[in-house]
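Written out below as C-alpha coordinates is the structure these notes cover.
The values are calculated or read from the model by the stated rules, or taken from the named source; none is laboratory data. Just so we're clear, the structure is a prediction, and the values are computed from it rather than from any experiment. Counting neighbours? That spans all protein chains shown, and the Cβs are built from the backbone with ideal geometry, glycine included.
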(Lines give C-alpha, C1' and ligand atoms only; values in the text may rest on other atoms or scores of the structure.)
Protein backbone atom coordinates (compact mmCIF):
# COMPACT_ATOMS: atom_id res chain seq x y z
CA UNK A 1 0.00 0.00 0.00
CA UNK A 2 1.37 3.38 -1.01
CA UNK A 3 1.90 5.87 1.80
CA UNK A 4 1.78 9.56 0.88
CA UNK A 5 2.98 12.38 3.07
CA UNK A 6 2.79 16.13 2.60
CA UNK A 7 5.85 17.74 1.07
CA UNK A 8 8.01 19.61 3.56
CA UNK A 9 8.30 23.39 3.42
CA UNK A 10 11.63 25.13 3.97
CA UNK A 11 11.97 28.39 5.91
CA UNK A 12 14.79 30.73 6.84
CA UNK A 13 17.59 28.93 8.68
CA UNK A 14 17.90 29.36 12.46
CA UNK A 15 21.61 29.98 13.09
CA UNK A 16 23.22 26.79 11.70
CA UNK A 17 20.02 24.74 11.79
CA UNK A 18 17.72 24.08 8.86
CA UNK A 19 14.05 24.92 9.50
CA UNK A 20 11.38 22.85 7.77
CA UNK A 21 7.66 22.31 8.25
CA UNK A 22 6.51 18.73 7.86
CA UNK A 23 4.33 16.02 9.34
CA UNK A 24 6.76 13.15 9.79
CA UNK A 25 8.56 14.20 12.98
CA UNK A 26 7.88 12.57 16.31
CA UNK A 27 7.03 15.81 18.09
CA UNK A 28 4.51 17.97 16.22
CA UNK A 29 3.36 21.42 17.35
CA UNK A 30 -0.18 22.65 16.81
CA UNK A 31 1.22 26.18 16.31
CA UNK A 32 3.40 25.35 13.31
CA UNK A 33 1.76 28.04 11.21
CA UNK A 34 3.39 30.65 13.45
CA UNK A 35 6.60 30.14 11.48
CA UNK A 36 4.96 32.30 8.80
CA UNK A 37 4.89 35.15 11.32
CA UNK A 38 8.63 34.75 11.73
CA UNK A 39 9.13 34.98 7.98
CA UNK A 40 6.99 38.13 7.81
CA UNK A 41 8.99 39.70 10.63
CA UNK A 42 12.24 38.91 8.81
CA UNK A 43 11.01 40.96 5.86
CA UNK A 44 9.90 44.10 7.72
CA UNK A 45 12.31 43.89 10.67
CA UNK A 46 9.63 44.73 13.23
CA UNK A 47 11.22 43.05 16.26
CA UNK A 48 14.71 44.29 15.42
CA UNK A 49 13.46 47.86 15.14
CA UNK A 50 11.18 47.60 18.15
CA UNK A 51 14.13 46.42 20.23
CA UNK A 52 15.85 49.69 19.33
CA UNK A 53 13.08 51.55 21.19
CA UNK A 54 14.18 49.94 24.48
CA UNK A 55 17.09 50.60 26.84
CA UNK A 56 18.35 47.62 28.86
CA UNK A 57 20.23 48.61 32.05
CA UNK A 58 20.81 45.07 33.28
CA UNK A 59 24.36 43.78 33.74
CA UNK A 60 25.29 42.27 30.34
CA UNK A 61 26.94 39.19 31.86
CA UNK A 62 23.87 38.40 33.95
CA UNK A 63 21.28 38.61 31.19
CA UNK A 64 19.51 35.31 30.54
CA UNK A 65 16.57 36.57 28.46
CA UNK A 66 17.39 39.34 26.00
CA UNK A 67 14.88 42.12 25.38
CA UNK A 68 14.37 41.05 21.79
CA UNK A 69 13.65 37.47 22.84
CA UNK A 70 11.07 38.59 25.40
CA UNK A 71 9.42 40.95 22.91
CA UNK A 72 9.26 38.17 20.34
CA UNK A 73 7.90 35.72 22.89
CA UNK A 74 5.15 38.11 23.97
CA UNK A 75 4.22 39.44 20.52
CA UNK A 76 4.19 36.08 18.77
CA UNK A 77 2.30 34.61 21.73
CA UNK A 78 -0.46 37.20 21.37
CA UNK A 79 -0.57 36.62 17.60
CA UNK A 80 -1.09 32.90 18.27
CA UNK A 81 -3.94 33.62 20.67
CA UNK A 82 -2.03 33.36 23.96
CA UNK A 83 -2.76 36.81 25.34
CA UNK A 84 -2.49 35.92 29.03
CA UNK A 85 0.93 36.06 30.68
CA UNK A 86 0.08 32.84 32.52
CA UNK A 87 0.14 31.02 29.17
CA UNK A 88 3.90 31.43 29.08
CA UNK A 89 4.38 29.04 31.97
CA UNK A 90 3.73 26.34 29.35
CA UNK A 91 4.97 28.18 26.26
CA UNK A 92 8.39 28.83 27.79
CA UNK A 93 9.32 25.17 27.20
CA UNK A 94 7.95 25.00 23.65
CA UNK A 95 10.84 24.70 21.14
CA UNK A 96 8.73 26.31 18.41
CA UNK A 97 8.23 29.44 20.54
CA UNK A 98 11.97 29.36 21.27
CA UNK A 99 12.58 29.31 17.52
CA UNK A 100 10.25 32.28 17.00
CA UNK A 101 11.94 34.15 19.85
CA UNK A 102 15.41 33.72 18.38
CA UNK A 103 16.90 31.49 21.08
CA UNK A 104 20.13 29.89 19.87
CA UNK A 105 19.51 26.87 22.13
CA UNK A 106 15.99 25.60 21.42
CA UNK A 107 16.08 23.35 24.50
CA UNK A 108 16.66 26.31 26.84
CA UNK A 109 13.62 27.66 28.70
CA UNK A 110 12.21 31.03 27.73
CA UNK A 111 11.13 33.80 30.11
CA UNK A 112 8.35 32.91 32.52
CA UNK A 113 5.31 35.00 33.39
CA UNK A 114 7.06 36.86 36.23
CA UNK A 115 9.97 37.95 34.03
CA UNK A 116 7.61 39.10 31.26
CA UNK A 117 5.50 40.89 33.85
CA UNK A 118 8.53 42.90 34.98
CA UNK A 119 9.18 43.88 31.37
CA UNK A 120 5.63 45.18 30.95
CA UNK A 121 4.40 46.45 34.28
CA UNK A 122 7.16 47.29 36.79
CA UNK A 123 7.01 50.98 37.71
CA UNK A 124 9.96 53.26 37.05
CA UNK A 125 10.57 53.83 40.76
CA UNK A 126 10.81 50.14 41.67
CA UNK A 127 14.12 48.33 42.21
CA UNK A 128 13.39 45.76 39.50
CA UNK A 129 12.90 48.41 36.83
CA UNK A 130 15.92 47.83 34.59
CA UNK A 131 14.38 47.96 31.11
CA UNK A 132 12.95 51.21 29.79
CA UNK A 133 11.37 52.22 26.49
CA UNK A 134 10.70 55.34 24.45
CA UNK A 135 6.99 55.75 23.75
CA UNK A 136 7.81 58.41 21.15
CA UNK A 137 10.11 56.03 19.28
CA UNK A 138 7.43 53.32 19.21
CA UNK A 139 4.90 55.86 17.91
CA UNK A 140 7.25 56.85 15.09
CA UNK A 141 7.97 53.21 14.27
CA UNK A 142 4.30 52.42 13.60
CA UNK A 143 4.06 55.24 11.07
CA UNK A 144 7.47 54.41 9.56
CA UNK A 145 6.33 50.84 8.91
CA UNK A 146 3.32 52.19 7.04
CA UNK A 147 5.42 54.64 5.03
CA UNK A 148 7.93 51.98 4.06
CA UNK A 149 5.20 49.58 2.91
CA UNK A 150 4.57 51.87 -0.08
CA UNK A 151 7.16 51.87 -2.89
CA UNK A 152 5.56 55.06 -4.22
CA UNK A 153 3.61 57.75 -2.34
CA UNK A 154 -0.16 57.21 -2.65
CA UNK A 155 -2.42 60.00 -3.83
CA UNK A 156 -4.58 59.72 -0.73
CA UNK A 157 -4.34 58.41 2.83
CA UNK A 158 -7.54 57.79 4.80
CA UNK A 159 -7.05 57.74 8.57
CA UNK A 160 -9.79 55.86 10.42
CA UNK A 161 -10.29 56.75 14.08
CA UNK A 162 -12.09 54.38 16.41
CA UNK A 163 -12.66 53.96 20.13
CA UNK A 164 -13.66 50.53 21.39
CA UNK A 165 -13.92 48.76 24.71
CA UNK A 166 -11.62 46.37 26.54
CA UNK A 167 -13.82 44.72 29.22
CA UNK A 168 -12.32 44.51 32.71
CA UNK A 169 -13.08 41.77 35.19
CA UNK A 170 -10.89 42.75 38.12
CA UNK A 171 -9.96 45.96 39.91
CA UNK A 172 -7.42 47.37 37.48
CA UNK A 173 -6.25 50.99 37.88
CA UNK A 174 -8.53 53.60 36.27
CA UNK A 175 -11.41 51.15 36.07
CA UNK A 176 -14.70 52.87 35.25
CA UNK A 177 -18.18 51.83 34.16
CA UNK A 178 -19.18 52.81 30.62
CA UNK A 179 -22.91 53.16 29.97
CA UNK A 180 -22.78 52.50 26.23
CA UNK A 181 -20.86 49.23 26.59
CA UNK A 182 -22.69 48.40 29.84
CA UNK A 183 -19.51 47.19 31.52
CA UNK A 184 -16.34 48.22 33.32
CA UNK A 185 -13.76 48.74 30.63
CA UNK A 186 -10.89 50.67 29.14
CA UNK A 187 -11.56 52.78 26.04
CA UNK A 188 -8.47 52.63 23.80
CA UNK A 189 -8.06 54.84 20.75
CA UNK A 190 -7.01 53.25 17.46
CA UNK A 191 -5.89 55.00 14.28
CA UNK A 192 -5.69 52.88 11.13
CA UNK A 193 -4.84 53.48 7.49
CA UNK A 194 -6.56 50.59 5.76
CA UNK A 195 -5.53 47.52 7.75
CA UNK A 196 -2.30 49.03 9.10
CA UNK A 197 -2.12 50.43 12.62
CA UNK A 198 -0.60 53.92 12.83
CA UNK A 199 -1.43 54.87 16.39
CA UNK A 200 -2.93 53.46 19.58
CA UNK A 201 -3.53 54.79 23.09
CA UNK A 202 -4.83 52.93 26.12
CA UNK A 203 -7.31 55.20 27.95
CA UNK A 204 -9.78 54.97 30.83
CA UNK A 205 -13.45 54.99 29.86
CA UNK A 206 -14.52 57.98 31.97
CA UNK A 207 -13.94 60.44 29.13
CA UNK A 208 -15.14 61.40 25.68
CA UNK A 209 -14.40 58.98 22.83
CA UNK A 210 -12.40 61.69 21.08
CA UNK A 211 -10.20 62.52 24.10
CA UNK A 212 -6.57 62.87 23.04
CA UNK A 213 -7.29 62.04 19.41
CA UNK A 214 -6.26 65.44 18.05
CA UNK A 215 -2.79 65.11 19.59
CA UNK A 216 -2.33 61.71 17.94
CA UNK A 217 -3.75 62.80 14.58
CA UNK A 218 -1.58 65.91 14.37
CA UNK A 219 1.53 63.85 15.15
CA UNK A 220 0.72 61.26 12.48
CA UNK A 221 -0.21 63.85 9.85
CA UNK A 222 3.06 65.70 10.41
CA UNK A 223 5.08 62.50 9.99
CA UNK A 224 3.15 61.53 6.84
CA UNK A 225 3.60 64.92 5.22
CA UNK A 226 7.29 65.05 6.06
CA UNK A 227 7.76 61.99 3.82
CA UNK A 228 4.86 62.62 1.42
CA UNK A 229 4.34 66.40 1.21
CA UNK A 230 1.78 66.21 -1.59
CA UNK A 231 -0.46 63.45 -0.25
CA UNK A 232 -4.14 64.15 0.38
CA UNK A 233 -5.18 63.12 3.90
CA UNK A 234 -8.75 62.30 4.90
CA UNK A 235 -9.86 61.82 8.49
CA UNK A 236 -12.81 59.44 8.92
CA UNK A 237 -14.68 58.54 12.10
CA UNK A 238 -18.09 58.08 13.67
CA UNK A 239 -20.05 60.70 15.59
CA UNK A 240 -17.92 60.20 18.69
CA UNK A 241 -15.21 62.26 16.96
CA UNK A 242 -17.46 64.92 15.43
CA UNK A 243 -16.08 67.71 17.59
CA UNK A 244 -15.50 71.37 16.74
CA UNK A 245 -11.89 71.28 17.91
CA UNK A 246 -11.03 68.43 15.54
CA UNK A 247 -12.92 69.83 12.56
CA UNK A 248 -11.40 73.29 13.03
CA UNK A 249 -7.91 71.76 13.11
CA UNK A 250 -8.61 69.79 9.93
CA UNK A 251 -9.74 72.91 8.09
CA UNK A 252 -6.74 74.90 9.29
CA UNK A 253 -4.32 72.15 8.22
CA UNK A 254 -5.79 71.17 4.84
CA UNK A 255 -7.06 67.81 6.04
CA UNK A 256 -10.38 66.58 4.67
CA UNK A 257 -12.75 64.87 7.08
CA UNK A 258 -15.82 62.67 7.05
CA UNK A 259 -17.55 62.31 10.42
CA UNK A 260 -20.82 60.79 11.47
CA UNK A 261 -23.36 63.15 13.00
CA UNK A 262 -25.06 62.14 16.23
CA UNK A 263 -28.82 61.87 16.19
CA UNK A 264 -30.68 64.94 17.44
CA UNK A 265 -34.28 66.19 17.39
CA UNK A 266 -33.75 68.90 14.78
CA UNK A 267 -32.04 66.50 12.41
CA UNK A 268 -34.80 63.93 12.89
CA UNK A 269 -37.49 66.52 12.08
CA UNK A 270 -35.66 67.47 8.89
CA UNK A 271 -35.31 63.86 7.76
CA UNK A 272 -38.91 62.96 8.60
CA UNK A 273 -40.32 66.01 6.88
CA UNK A 274 -41.03 64.14 3.63
CA UNK A 275 -44.09 62.03 2.84
CA UNK A 276 -44.02 58.62 1.18
CA UNK A 277 -46.76 56.22 0.17
CA UNK A 278 -44.85 53.21 1.55
CA UNK A 279 -41.96 52.56 3.96
CA UNK A 280 -38.60 53.62 2.55
CA UNK A 281 -35.01 53.90 3.74
CA UNK A 282 -34.14 57.59 3.95
CA UNK A 283 -30.55 58.84 4.02
CA UNK A 284 -29.87 62.47 4.81
CA UNK A 285 -26.54 63.86 3.62
CA UNK A 286 -24.94 67.12 4.69
CA UNK A 287 -21.61 68.19 3.21
CA UNK A 288 -19.51 71.13 4.32
CA UNK A 289 -16.18 72.24 2.93
CA UNK A 290 -14.02 75.34 3.48
CA UNK A 291 -13.80 77.59 0.45
CA UNK A 292 -9.98 77.38 0.40
CA UNK A 293 -10.00 73.68 -0.50
CA UNK A 294 -10.72 72.25 -3.96
CA UNK A 295 -14.14 70.78 -4.62
CA UNK A 296 -14.75 67.11 -4.13
CA UNK A 297 -16.11 65.14 -7.10
CA UNK A 298 -19.88 64.76 -6.92
CA UNK A 299 -21.69 61.48 -7.32
CA UNK A 300 -23.53 61.01 -10.63
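Taking each residue of region 170-191 that is over 11 Å from residue 203 (Cα atoms) and outside the structural domain of residue 217 (by TED's automatic domain parsing) and looking for partners that are modelled with pLDDT of 95 or more and part of a loop (DSSP other than H, G, I, E, B) with beta-carbon atoms closer than 8 Å, six or more apart or interchain, yields nothing.
Determine whether region 155-162 contains at least one residue that is modelled with pLDDT of 95 or more, out of contact with any helix residue (DSSP H, G or I) (no Cβ under 6 Å at 6 or more places or on another chain) and outside any strand (DSSP E or B). Yes - at least one qualifying residue is present in region 155-162.
Those strands (runs of 3 or more DSSP E) of region 1-85 in which at least 3 residues are in contact with a strand residue (DSSP E or B) (Cβ under 8 Å, 6 or more places away or on another chain), surrounded by 10 or more Cβ atoms within 10 Å (Cβ to Cβ) and at pLDDT 80 or above, considering only elements entirely within it, cover 54-56.
Evaluated against (1) in contact (Cβ under 8 Å) with a residue 40 or more places away in the chain; (2) outside any loop (DSSP other than H, G, I, E, B), residue 114 falls short on exactly one condition, (1).
Would you confirm whether any residue within region 261-276 is within 28 Å of residue 190 (Cβ to Cβ), within 24 Å of the chain's Cα centre (by Cα) and at pLDDT 75 or above? Among the residues of region 261-276, not one is within 28 Å of residue 190 (Cβ to Cβ), within 24 Å of the chain's Cα centre (by Cα) and at pLDDT 75 or above, which makes the answer no.
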